[in-house]
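For reference, the structure is listed below as structure tokens.
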Amino acid sequence: MFVKLPELMLISLRNLVPIIISFILTFNLSGQDARSFLKTEFKGYNKEKVLDTLLKASETFAEENPDTALVLGEIAYEMVIQGNEYKSIALASRRIAEAYFYKNEYLRAIDYYMKSAAAEYQNSGDSTGFLAERLTDAAYCYQELGIYEKALELNRASLLIHQKLKNNVEIGNNLCNIGTNYFFRAQYDKAIEYFSKTLELDRESGDSSAIAISLNNLGMVYSRWGKHELALRFYNDALSYTSTESKKAIKLSNIGMAYYHMKEYDRALQFLNDALKIDTKYRQEIKIGIRKNEIGTILAAKGQYDESIRLLEEALEIFKKAGISDSQCIVLSDIGDIYRKTGQKAKAEASYIESAKIASEFNQLQNLGRNYKGLYEMAEEKGDFRKAFTYYKLFTKANDSVFNIQKHEQIARFEILYETGKKEKENQLLLQDIEMEKKAQRVAFIAIIGLSLFVLLILSLYRTKSKNLKQNQLLQMQEQELASIQLQKKETEKRLLEDSVFAEQQINRLEREKHLVEIEHKNAQLANSTLCLVNKNEILGEIREKLKQNHQSDTVHEVLRYISVNTDIDLDWHKFKLSFDEIHPGFFDRLKHEFPYLTDHDERLSAYLRIDLSSREIAGLMNVTLEATNKSRQRLRKKLNLPAEADLNGFLRSL
């Protein structure tokens, strides 16, 4: 029995609950005793405050002390179940479900999660995310029980609600859950489909952390599928989106193991060693053990057995210290395989036996079978058939036990589905009864309201009829006037628009004509200046030829040198090209891009033809004969792939 404190009733409700719960924990009360005690202590307090306090306390204790959380949740549930307070029933049912979840009693958890969902549906339909979240919780419980079809059904129902609410974050979570469901069922194409949809939403949100997780999930599916090159692509993308250094280790590890499966052992070691450095830096002991195990496996594949065993033994010590029995069994079996491969039979046998002992202690039947298989094969190799037969029987027994457990789990899943189906039918019947009762209440209420409205309608009908008639006539006149105004407005707007379009067309036409005139004028100027150069070069050439005939004075040589300087064709071309570029910008770039095999001579000839210089004028500019110029034109036509009837000048103007 408890000793009541005299001043207990003076303590505020906020301080009262921790004191009462500490009594429950200290004296280890049973559920019924705790209920009686709490009901006595809460007597006289405001019901809503008591309920809120119980629910918050249950949430607090759910993970660390689920039994206490369960008692508190059940008391809250009893307070509200009789009054059809659907919102409170939904919250209390959720707290009970969470307590059962942390007690690993998934069937009971499912029952209360579904009760919570049903109560929320009665309270607000599917207009909130609470209903969808409870369906997701129940789906997770089904997945833990291995009932993937039911989990998939609930996840899809949750997805539909979140899609209706347009909650992209929860839609992404649902898609991810469905992808995980297909992954566990080895339906990898479906898993890829839903993880890809999740990735698309993550990219829209711009959340780099979520993008990295989705990319990593896709890599894991492809890796399990055996498509390691595809897996590697997604793992690398996931690494690029991971900014936190401590989180990069798992991505590097996944990349390393992908290379391991592709038998690129050196690259695999490079990434795994990088992952090990990060885990060591952040003192992630368990992850360090996993990395050393992975590196040891790859070194064994490379034939570096001594270094492999050293790393595996270091990993084993980490797993022993952490008390992870499953990892201990696997590492010991791996060490046994290496010793067996290197001919160290005694050490291999000792490793297998030690692993089998741990597997037997923790009922790890698959690991147990692996070790007995190794032991009986080694005994056969040594010719010790008695020992081989003994280990073979143990191996067979372990395999049979695995089969029996799987069969038992399958039967249990069928039983769960049967019981779940019964409860769902009961819930549906209950919901139908509640719905029928609500409908009857609504019908009676509507009938009363309808009758009242009908009487009021009859009384007011005569008074409003004439008034409505006048208002309708006035409204009709106003509508006609408004229609006439709108028609005039549309006609005015149409005329203004037509005038505006015509004016814009005229402006555009004038601008085009002005531009063409300017181009023609500039071409004419360029042609004139170019012809001046031709005339200058011809005159200077004639003077030079006449002076060459008379060599009697030094003055002649000076004049010849001056003439040569002023007939520099390259300089003339450079000046011409600058002027040409100002008038026809980009011409040479376009010509070179479409016909990259044209020579500088071809480009120069093309430019002269573009401004419609004659062959004789071009010959003077390029200091060649008229015949050579005509031949150059024919060669250019061939290089431009022009047919005989095509206009060369017109083609160059079109560039």
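A few notes on this one:
- In region 241-269, the residues that are under 25 Å from residue 211 (Cβ atoms), open to solvent by 50 Å² or more (accessible area, probe 1.4 Å) and in a helix (DSSP H, G or I): 245, 247, 248, 250, 261, 267
- Any hit, region 601-608, residues being modelled with pLDDT under 90, open to solvent by 80 Å² or more (accessible area, probe 1.4 Å) and part of a helix (DSSP H, G or I): no
- Flag if residue 86 is surrounded by fewer than 24 Cβ atoms within 10 Å (Cβ to Cβ) and at pLDDT 90 or above: no
- The listed residue being touching a helix residue (DSSP H, G or I) at 6+ places or on another chain (Cβ under 9 Å) and at pLDDT 95 or above, out of 209, 196: 196
- None of 655, 598, 613, 642 is more than 19 Å from residue 580 (Cβ to Cβ), in a loop (DSSP other than H, G, I, E, B) and either without any contact (Cβ under 8 Å) to a residue 40 or more places away in the chain or not hydroxyl-bearing (Ser, Thr, Tyr) (or both) except 642.
- Among residues of region 169-188 that are crowded, with 22+ Cβ neighbours inside 10 Å, those with a Cβ under 6 angstrom from a residue that is of a type in the set (D, E, K, R), sequence gap 6+ or separate chain, pair up as 175/197.
- Candidates are the residues of region 464-506 that are surrounded by 10 or more Cβ atoms within 10 Å (Cβ to Cβ) and among the hydroxyl-bearing types (Ser, Thr, Tyr); the one that is modelled with the lowest pLDDT is 500.
- Considering only residues in region 619-642 that are closer than 26 Å to residue 590 by Cα and hydroxyl-bearing (Ser, Thr, Tyr), the one that is surrounded by the most Cβ atoms within 10 Å (Cβ to Cβ) turns out to be 629.
The values are calculated or read from the model by the stated rules, or taken from the named source; none is laboratory data. It should be emphasised that the depicted structure is a prediction, and the values quoted were computed from it without experimental measurement. Neighbour counts run over all protein chains shown; Cβ positions are idealised from the backbone, glycine included. Remember, those area values only see protein heavy atoms, side chains included, never the ligands or the DNA or RNA. Shrake-Rupley method; radii C 1.70, N 1.55, O 1.52, S 1.80 Å.
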